[in-house]
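A short worksheet on the structure shown next.
Each reported figure results from applying straightforward, stated rules to the coordinates on display, with no laboratory input. Small disclaimer: the values here were computed from a predicted structure and weren't measured. In this analysis, Cβ positions are derived from the backbone assuming ideal geometry, glycine residues included, and neighbour counts consider all displayed protein chains.
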Amino acid sequence: MRAMIFDLDGTLVDTVYAHVFAWQRAFAESGLAIDGWRIHRRIGMSGGLFARAAARELGREINAAQEEALQQRHGELYRQFLPERRPLPGAVELLATLRANGVAFGIATSGRRPEIDASLDALHIGRETVVIERRDVARAKPEPDLFLACQAKLGVPVAECYVVGDAVWDLLAARRAGMLSVGLLSGGYGEDELLASGAFRVYRDTAELHHSLDELGLLP
């Protein structure tokens, strides 16, 4: 039995740039002005690692309290900027096809509740779907913990799991978890970057992936 483990932001829902704007505003309010492109290159990391790494790019070190304050403010701003979430093309249909064909799947995200709740609602994710969020593991991407926790809850061997993500951090974490990965261009990374990070295949978005499931041996 094979399974698919999905990242959330930029993979299934169109939220990457709202995260960029929220982080940029949160840093600016703390007196740390940072360029948007520098933020985008780190979206997909855990919030704590992101805050530390972005601050280092500015030549600053932040303590645990500042790190938590930045994460909290980012979450508040993100919900203000994007109260409603839009699934990326084909995302809802892809999940419905997997469900209808008995293919196990779950979501493993560096995001935290309540930030991710509206995204899950937009995807029509019910309680039967395995969702692993940041608070469920000790370490988030690029560590493999999120994907391994999702795999364990799905009850599918590591070798039978595909990870689907839009960022190099997803693919690095998948490689460290010992899982094949599929890259999507919907988060803003280039095909060459995703392939260099270990993607087995790269598709434009979930719509193209949906029509290519047979290539992955998931449908007859």
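Remarks
- Between amide H atoms placed 1.01 Å from N, distances below 5 Å from V202 occur with G183, all of them 5 or more places distant or on a separate chain.
- Of R201, R99, R112, the one that fluctuates the most in a GNM where the chain has Cα springs shorter than 10 Å: R99
- When shorter helices are ignored and each DSSP H run of at least 4 residues is given -39500 (n - 2.57), the per-residue value for the chain at 222 nm works out to -12500 deg cm²/dmol.
- Sorted by Cβ neighbour density within 10 Å, fewest at the top, the residues K153, K141: K153, K141
- Gyration tensor verdict on the range 77-136 (Cα atoms; rounded if a/c is under 1.5, prolate if a/b is larger than b/c, oblate otherwise): oblate
- Among 81-89, 162-170, the peptide with the highest mean count of other Cβ atoms within 10 Å heads the list, and the full ranking is 162-170, 81-89.
- Local net charge near L146, Cβ-Cβ under 10 Å (Lys/Arg +1, Asp/Glu -1): -3
- Nitroxide proxy distance, nm - points 7 Å out along Cα→Cβ at K153 and D136: 0.2 nm
- Over the chain, all Cα pairs binned in 10 Å intervals from 0 give whole-percent P(r) values of 9, 36, 37, 15, 3, 0, listed from short to long.
- Cα gyration tensor category, rounded, prolate or oblate, for the range 16-81 with a/c compared to 1.5: rounded
- Order of I34, I107, I125, I5 - criterion: other Cβ atoms within 10 Å of each residue's Cβ, fewest first: I34, I125, I107, I5
- The range 129-212 pair-distance distribution - Cα-Cα, 5 Å bins, rounded %: 3, 17, 25, 23, 21, 9, 1, 0
- Between D14, D145, D117, the GNM of the chain built on Cα springs shorter than 10 angstrom shows D117 fluctuating the most.
- Straightening the chain between E84 and E208 buys 42.2 nm, computed as 0.36 nm per residue apart minus the Cα-Cα spacing.
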